[in-house]
Amino acid sequence: MEALRELFRDYRFAVGFVIFLFLVVLAFLSFASPYDPIRQLQVPRDRPPSRAHILGTNSKGQDVFWEATFAIRNSLIIALIAGLVSRIVAILVGFVAGYRGGTLDRVLMGLADGLLVIPLFLILVMVAMLLRGSMTLVNTGLLLAFFGWAWDARTIRSQILSLREREFTKTSVLSGNGTMSLVIREYLPFTTPLIFSTLINNIAWAIGMEIVLAILGLVRLEIPTLGTTLQWAITYQAMLLGHWWWISTPVVLTILLLVALYWLSVSVSEYLDPRMRIQRIGARS
Amino acid sequence: MLPVIRAEDLQAFYVLETLRGKKVVRAVNGVSLVIPENTVYGLAGESGCGKTTLLKVLLGNLEPPLRHFGGRVLYRVDGEYLDALALPEGKRQKLRWTYISYIPQGSMSVFNPVAKLRTTFMDFLESHVSGKMRQELLRHAEEHLERLGLSPKILEAYPHQLSGGMRQRVAIALATLLNPRVILADEPTTALDVVAQRAVLQLLSDIQRKLRNTIVLVTHDMGIHATVTTRMAIMYAGRIVEEGWTQDIFTTPLHPYTQYLIRSLPRIGDKRLRESAPGSPPSLAQLPPGCPFHPRCPLAFERCREEVPELEEVGEQKVACFLRRASHVVTS
Amino acid sequence: MSLLLEVQNLTKVFALGSIFSRLRLTAVDRVSFTIEEGEIFTLAGESGCGKTTTARMILGFEPPTGGTIRYRGKALEEFTDRKSWFREVQAVFQNPFETFNPLRKVESYFFETVFNFKLAAQKDQAERLIEEKLQAVGLSLEEIEGKYPSEFSGGQLQRASIARALLTNPSLLVADEPVSMVDASLRMSIVNLFRKLCDAFAVSVLYITHDLATAYYVSDRIAVMFRGNIVEMGKVEEVLGNPRHPYTRLLLESIPEPDPAKRPEERIVFLEEREEYLRAGCKFAGRCPEAWELCGREAPQEVEVDGVLVRCHKWAK
Ligand SMILES: Nc1ncnc2c1ncn2[C@@H]1O[C@H](COP(=O)(O)OP(=O)(O)O)[C@@H](O)[C@H]1O
Ligand SMILES: Nc1ncnc2c1ncn2[C@@H]1O[C@H](COP(=O)(O)OP(=O)(O)O)[C@@H](O)[C@H]1O
Ligand code: SF4
Ligand SMILES: [Mg+2]
Ligand SMILES: [Mg+2]
């Protein structure tokens, strides 16, 4: 709680948090939606915002506001799956490679480097094309996760490598700690800021990638996400026809989401930075 | 002996904003010093007593959170006294390295870790010497190293390739390139083994003898003061508690703290028990009332707990203790 | 007195540079010594002579290239898990500010040691045990509770580090330069502590240092090491009172004498360690005032002179 109170002193955190909270509330509103997100022609088409439809309706005969609540929910689900799964892989690979070293390290880092040097975007597009029919939320999330761990695993590994040489590692071993508790007790506090900021960055990246894949038509377009909403608006030439409410909704939501994530990431990683933490400890005495 | 630097009742504190309000660390708390020319002047005291801070103030290097609260620092430049803390920034920059130079604690920070030493030396010379060709400057650096008994080949090395002792000696060479009148050396021997220490001290004495300038040598190791300094001051909790000729201080230490420092030194051939001063130094943010040493002093009496003793002359020495005489806290 | 630790022909070779390079550095070269029960044994020498590498091998942090380490007759490899070794052999390190993780409370290492080694079952039992060890070094649980390393002085941290090492009631404490980063004014209080632990709890100490003055003060026997070899070993009064090896003499002369009337006159030669390690013959020949032609050609063997082992051609004659 002390931590939260201090974080809220940072205006970036406060603003980021409020925006994010607002988007999450929107996502949850989807459960109260009076409309089915997939069915078309449920309402009159192409109406500008009004009392009945606060963000208007689109050319498919859907309410833009309620569609947007589904879109943001689904985009967040994809991004969270991608972010969490790739974090778990990155942490496991980074910790094991860094602490064990030797052949295992070389194999794991070889894999990571392999993923890093191939033109990631092309491969992603190719795989998505192959799997097109089965690109559900979960699969899209997993696909993005598969490509999102390599760089961060490398960063975590190099941090572990330098921590391993520090003297307190030996104190911990002499205190009878096994590898697992050593890594969790001694190293995790140093890597959490990194893990946190890469988690937030990775979520932002996944949201962006999903939009790109959707615009290329490589995901299941009937599932509303920020990407598919944008894709439909483009297909129906919403811009040309002056249906600004339709196209600007996903754009504004995406920008809000990315800005909120950026500010959260910056302030959280500053707060967790070991140097800052040591300073705070120093200020207590 | 004319002074090169005079400090008059200097006060400089770190002012820190914390969650629980303002915290004031009284690192230099009323220091007066006369540092004569052509000597090695020692400054002793345990870590955290304010030695590095005092050097920063003598150098005129006051950056937040360190703030100047009173007193003056006078440099004697060409027979005239300059108030160092009142000088305009440009003027002070000019005196830096030519009049006064500084070897910071932990020599690694002086060098660029990814560049050859030659680059560091050339960058330094180019930014401080105008109107000379690169070739001339390089020759100057090489000749300087040779004069100090170091091989000019060292310029081709990277900092991490040198041992701690060698790196420290190169840092000293760098700080003396422009023949400064005063060299402030902050713990140049700490973290070195005894052999490397000897090599560094040898170099410092050589430089002092050649340039006939002043070296202010900061170290908590009394053995080193005994080996190279002529005069010395003992610092405790931001104050000078004793000052005088090194010889006198070692034969008749007046302050109880100094007595502990000297009598606790182990000597080969003597296995009798040696005791450090009991307890640990006070926090400079929460000084005890009265003499700052009184909580650790076995001789403390009523007055020590209430009044702060001033630094006063006793014969040729100065001491800040109400006893004002060599009373033995530790026998040896 | 009985034999506690026996080190025989301990050797460590490091490959320098890349894996393809041929350059080998023998950081520790066939080092043998023993430590008796209840004894303080000093391993002395300037930096880069292999002291830390020796300590790391004894602690099992570094596999030796050759040689054996035995504890009460049982070889290190026979201790199947590290924990049973650390129950007997504990360590204190050089830099008190690096000994504990700056992001963790100091007390956590105490409780972890107690519970990992099953020294107590309940919290209050653990606290009693911890309090006892902290008292032995002049601290108390109250003083360290809830605090992070940055809230202590170097001397306090070094005491805490010793107290933690004592929790398992080890018979041997390996102390790698335990006072070189501690303030000179507090140094003796730590050194005295080793003497006290040795006398009161019969803990043997492997005291590693470059400072012969404290070595003389605190230890019973001493081995002087130079570039991987032990060059002189024996009773401390004998070795330091009447040094035979020229290197021991150099180390003794390098101690800053706490007496301004006796300033050193002689100048010392200072060579970089790498070049000395790779030397043929006696590794000290480059700096030795008494070296002659044989010293540059042939490595000297150990000889015993009046109960002291010396590795120098001058004494082999
Ligand atoms: N940048 C800083 N900010 C706050 N406090 C500082 C800073 N630098 C030093 N101090 C405090 O000032 C006191 C004196 O420090 P210092 O001059 O470095 O002592 P010494 O060199 O004698 O070890 C110490 O208590 C230290 O914690
Ligand atoms: N991991 C390592 N790889 C290569 N060389 C090493 C390694 N550890 C130590 N050395 C070398 O071994 C020698 C002895 O080092 P060390 O045992 O640390 O000496 P000391 O503790 O006496 O200062 C030094 O030359 C050092 O550079
Ligand atoms: S003034 Fe008093 S307390 Fe301070 S050193 Fe002297 S006798 Fe001790
Ligand atoms: Mg300092
Ligand atoms: Mg070492």
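The values are calculated or read from the model by the stated rules, or taken from the named source; none is laboratory data. The model shown is predicted, which means the values in this text are computed figures rather than measured ones. Neighbour counts are summed over all protein chains in view; Cβ atoms, including those assigned to glycine, are modelled from backbone coordinates with ideal geometry. Please note that ligands, DNA and RNA were not included when accessible areas were found on the heavy atoms of the full protein model with its side chains. Shrake-Rupley method; radii C 1.70, N 1.55, O 1.52, S 1.80 Å.
In region B:89-121, of all residues being open to solvent by 70 Å² or more (accessible area, probe 1.4 Å) and of a type in the set (A, V, I, L, M), the one that is farthest from B:K56 (Cα to Cα) corresponds to B:V114. Look at (1) modelled with pLDDT under 85; (2) in contact with a Lys or Arg (Cβ under 8 Å, 6 or more places away or on another chain); (3) surrounded by 15 or more Cβ atoms within 10 Å (Cβ to Cβ) and you find that A:L199 fails only one, number (1). Across region B:259-273, which residue is nearest to B:I224 (Cα to Cα) among those that are in a helix (DSSP H, G or I) and more than 16 Å from ligand 1 (Cβ to nearest atom)? Looking at the filtered set, the residue picked out is B:I262.
Note on region C:174-202: residues that are more than 11 Å from every other protein chain (Cβ to nearest Cβ) and either crowded, with 23+ Cβ neighbours inside 10 Å or of a type outside the set (A, V, I, L, M) (or both) total 6.
The residue that is least open to solvent (accessible area, probe 1.4 Å), counting only those in region A:52-95 that are touching a strand residue (DSSP E or B) at 6+ places or on another chain (Cβ under 7 Å) and not β-branched (V, I, T), is A:D63. Condition first: in contact (Cβ under 8 Å) with a residue 24 or more places away in the chain and touching a Leu at 6+ places or on another chain (Cβ under 9 Å). Can you find one or more residues in region A:32-47 that meet it? Yes - at least one qualifying residue is present in region A:32-47. Taking residues in region B:43-61 that are among the hydrophobic types (A, V, I, L, M, F, W, C), and partners anywhere that are within 6 Å of ligand 1 (Cβ to nearest atom), the pairs with Cβ atoms closer than 6 Å and at least 6 places apart or on different chains are B:L43/B:K51.
Counting just the residues of region A:96-112 that are aliphatic (A, V, I, L, M) and either open to solvent by less than 80 Å² (accessible area, probe 1.4 Å) or not in a helix (DSSP H, G or I) (or both), which one comes out nearest to A:M180 (Cα to Cα)? Checking each candidate, the answer is A:V96. Highlighted here are the helices (runs of 4 or more DSSP H) found entirely within region A:113-177 that include at least 1 residues which are touching a helix residue (DSSP H, G or I) at 6+ places or on another chain (Cβ under 6 Å) and away from chain C (no Cβ under 14 Å): A:120-131, A:137-148, A:150-164. Entry remark, region B:135-179: residues being in contact with a helix residue (DSSP H, G or I) (Cβ under 7 Å, 6 or more places away or on another chain) and more than 27 Å from B:L217 (Cα to Cα) number 4 in total. Determine whether region B:302-312 contains at least one residue that is surrounded by fewer than 19 Cβ atoms within 10 Å (Cβ to Cβ) and within 13 Å of another protein chain (Cβ to nearest Cβ). Within region B:302-312 (the criterion being surrounded by fewer than 19 Cβ atoms within 10 Å (Cβ to Cβ) and within 13 Å of another protein chain (Cβ to nearest Cβ)), the answer is no, since none of the residues qualifies. Quick one: count up the residues across region C:41-88 that are within 12 Å of another protein chain (Cβ to nearest Cβ), more than 10 Å from ligand 5 (Cβ to nearest atom) and of a type in the set (G, A, S). Total meeting the criteria: 3. Residues considered: B:D186, B:D221. Of these, the only one that is in contact with a strand residue (DSSP E or B) (Cβ under 6 Å, 6 or more places away or on another chain) and of a type in the set (D, E, K, R) is B:D186. Considering region B:164-237, the qualifying strands (runs of 3 or more DSSP E), each wholly inside and each with 2 or more residues that are open to solvent by less than 10 Å² (accessible area, probe 1.4 Å), within 29 Å of B:P282 (Cα to Cα) and away from ligand 3 (no atom under 16 Å from the Cβ), run over B:182-186, B:214-218.
When restricted to residues that are open to solvent by 60 Å² or more (accessible area, probe 1.4 Å), in a loop (DSSP other than H, G, I, E, B) and over 16 Å from C:T99 (Cβ atoms), region C:119-154 contains 3. Filtering region C:155-165 down to residues that are under 19 Å from the mean Cα position of the chain (by Cα) and either within 12 Å of chain B (Cβ to nearest Cβ) or over 17 Å from A:S172 (Cβ atoms) (or both), which residue is most open to solvent (accessible area, probe 1.4 Å)? The extreme case among them is C:R159. Beta carbons closer than 9 Å, at least 6 apart along the sequence or on distinct chains, pair a first residue in region C:45-66 that is part of a strand (DSSP E or B) with a second that is open to solvent by 10 Å² or more (accessible area, probe 1.4 Å) for C:G66/C:N9; C:G66/C:T11; C:G66/C:K12; C:G66/C:V13; C:G66/C:R30. Scanning region C:210-229 for residues that are open to solvent by 10 Å² or more (accessible area, probe 1.4 Å) and outside any helix (DSSP H, G or I) yields C:H210, C:D211, C:D220, C:R221, C:N229.
If the condition is being within 21 Å of A:T171 (Cβ to Cβ) and part of a helix (DSSP H, G or I), then region C:192-209 contributes C:L193, C:F194, C:L197, C:F201. For C:E265, the conditions (1) part of a loop (DSSP other than H, G, I, E, B); (2) open to solvent by 40 Å² or more (accessible area, probe 1.4 Å); (3) in contact (Cβ under 8 Å) with a residue 24 or more places away in the chain are fulfilled apart from (3).
Okay, residues lined up against (1) over 30 Å from B:H225 (Cα atoms); (2) away from chain C (no Cβ under 14 Å):
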position: B:G131; (1), (2): yes, yes
position: B:H140; (1), (2): yes, yes
position: B:G149; (1), (2): no, no
position: B:M166; (1), (2): no, no
position: B:V170; (1), (2): no, no
position: B:L174; (1), (2): no, yes
position: B:L177; (1), (2): no, yes
position: B:P188; (1), (2): no, no
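Kindly indicate whether any position in region A:139-153 is open to solvent by 10 Å² or more (accessible area, probe 1.4 Å), acidic (D, E) and over 17 Å from A:F95 (Cα atoms). Looking through region A:139-153, none of the residues is open to solvent by 10 Å² or more (accessible area, probe 1.4 Å), acidic (D, E) and over 17 Å from A:F95 (Cα atoms).
For region B:242-269, what are the residues that are more than 8 Å from chain C (Cβ to nearest Cβ), open to solvent by 10 Å² or more (accessible area, probe 1.4 Å) and either farther than 21 Å from B:R325 by Cβ or of a type in the set (A, V, I, L, M) (or both)? Of everything in region B:242-269, just one residue is more than 8 Å from chain C (Cβ to nearest Cβ), open to solvent by 10 Å² or more (accessible area, probe 1.4 Å) and either farther than 21 Å from B:R325 by Cβ or of a type in the set (A, V, I, L, M) (or both), namely B:L254. Residues that are modelled with pLDDT of 90 or more and among the acidic types (D, E) within region C:146-177 comprise C:D176, C:E177, listed in sequence order.
Residues considered: B:S283, B:S276. Of these, the only one that is surrounded by 16 or more Cβ atoms within 10 Å (Cβ to Cβ), away from ligand 2 (no atom under 16 Å from the Cβ), outside any helix (DSSP H, G or I) and within 14 Å of chain C (Cβ to nearest Cβ) is B:S276. With respect to C:T42, is the statement that it is away from ligand 1 (no atom under 16 Å from the Cβ), under 24 Å from C:Q94 (Cα atoms), in a strand (DSSP E or B) and open to solvent by 10 Å² or more (accessible area, probe 1.4 Å) true? In short, no.
Checking C:A15, C:A75, C:A91 one by one, the residue that is of a type outside the set (K, R) and either surrounded by 16 or more Cβ atoms within 10 Å (Cβ to Cβ) or in contact (Cβ under 8 Å) with a residue 24 or more places away in the chain (or both) is C:A91 and no other. Within region C:87-110, the presence of a residue that is more than 30 Å from C:E145 (Cα to Cα) and either of a type in the set (D, E) or part of a loop (DSSP other than H, G, I, E, B) (or both) is excluded.
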